[in-house]
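**Q** Sharing a structure, written as structure tokens. Questions coming.
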Amino acid sequence: MALDQALVDAAIQQALLRFPTGYAGAAAVRLETGQILTSICFDPPNAGAGLCHETGAYCEANRLGARVVASVRVSRSQPDRPFLILTPCGICQERLALWGADVEVAVAVPGNPGAWQSKRLREIQPHYWRNAVEDADEL
Ligand SMILES: [Zn+2]
């Protein structure tokens, strides 16, 4: 399994390093080589120009010509709150599609938001738009 507690911990450590007080968030991805990349959001004054926590790691993986096999994003609102596992947003799911539908992503366990479970991209996107294109190509 490419997504494990070490990857979740790497995201939490990155979040705490960059945001030692108050809000904290970050992402971690595992490459096919086993290497872990971490990143944080880009949060300029114009929110429309901002980028998700995952984006930096995805771009770095692409720069390296490396395949992402797992991705996790964590966030906490304040120091006395637990880190939550956040499913990649729709745009990050589109970004992850670069590496195929078998990429593992961390999602929260319903009713236990501090806990995580691993799902493949195809599991969180059962009606992904590209499925229709691939189905048509098989005709
Ligand atoms: Zn996103």
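The values are calculated or read from the model by the stated rules, or taken from the named source; none is laboratory data. Everything quoted here is computed from the prediction, not taken from an experiment. Cβ atoms come from the backbone with ideal geometry, glycine included; neighbour counts cover every protein chain shown. These accessible areas exclude ligands, DNA and RNA; they are computed on the full protein's heavy atoms, side chains included. Shrake-Rupley method; radii C 1.70, N 1.55, O 1.52, S 1.80 Å.
**Q** Determine whether region 49-62 contains at least one residue that is within 15 Å of the ligand (Cβ to nearest atom), exposed (fewer than 12 other Cβ atoms within 10 Å of the Cβ) and either modelled with pLDDT of 95 or more or part of a loop (DSSP other than H, G, I, E, B) (or both).
**A** Among the residues of region 49-62, at least one is within 15 Å of the ligand (Cβ to nearest atom), exposed (fewer than 12 other Cβ atoms within 10 Å of the Cβ) and either modelled with pLDDT of 95 or more or part of a loop (DSSP other than H, G, I, E, B) (or both), which makes the answer yes.
**Q** List the pairs whose first member sits in region 89-118 and is over 17 Å from VAL74 (Cβ atoms), whose second member is away from the ligand (no atom under 16 Å from the Cβ) and part of a loop (DSSP other than H, G, I, E, B), and whose Cβ atoms are under 6 Å apart, counting only residues at least 6 apart or on separate chains?
**A** TRP99/ARG67
**Q** Within region 93-117, how many residues turn out to be open to solvent by less than 70 Å² (accessible area, probe 1.4 Å), out of contact with any strand residue (DSSP E or B) (no Cβ under 7 Å at 6 or more places or on another chain) and assigned to a helix (DSSP H, G or I)?
**A** Here the count works out to 2.
**Q** Residues being surrounded by fewer than 22 Cβ atoms within 10 Å (Cβ to Cβ), farther than 26 Å from ALA66 by Cα and among the hydrophobic types (A, V, I, L, M, F, W, C): count how many of those fall in region 17-48.
**A** So the count comes out to 2.
**Q** Hey, another quick one. Tally the residues that are in contact with a Leu (Cβ under 6 Å, 6 or more places away or on another chain) and either within 16 Å of the ligand (Cβ to nearest atom) or not basic (Lys, Arg) (or both), restricting the search to region 25-40.
**A** Looking only at region 25-40, we keep the residues that are in contact with a Leu (Cβ under 6 Å, 6 or more places away or on another chain), and these are 28-30.
From the residues that got through so far, the ones that are either within 16 Å of the ligand (Cβ to nearest atom) or not basic (Lys, Arg) (or both) too are 28-29.
So the count comes out to 2.
**Q** Continuing with the same structure: Consider VAL68 carefully, then state whether it is touching a helix residue (DSSP H, G or I) at 6+ places or on another chain (Cβ under 9 Å), under 15 Å from ARG30 (Cα atoms) and within 13 Å of the ligand (Cβ to nearest atom).
**A** Working: touching a helix residue (DSSP H, G or I) at 6+ places or on another chain (Cβ under 9 Å): yes; under 15 Å from ARG30 (Cα atoms): yes; within 13 Å of the ligand (Cβ to nearest atom): no.
Answer is no for this residue.
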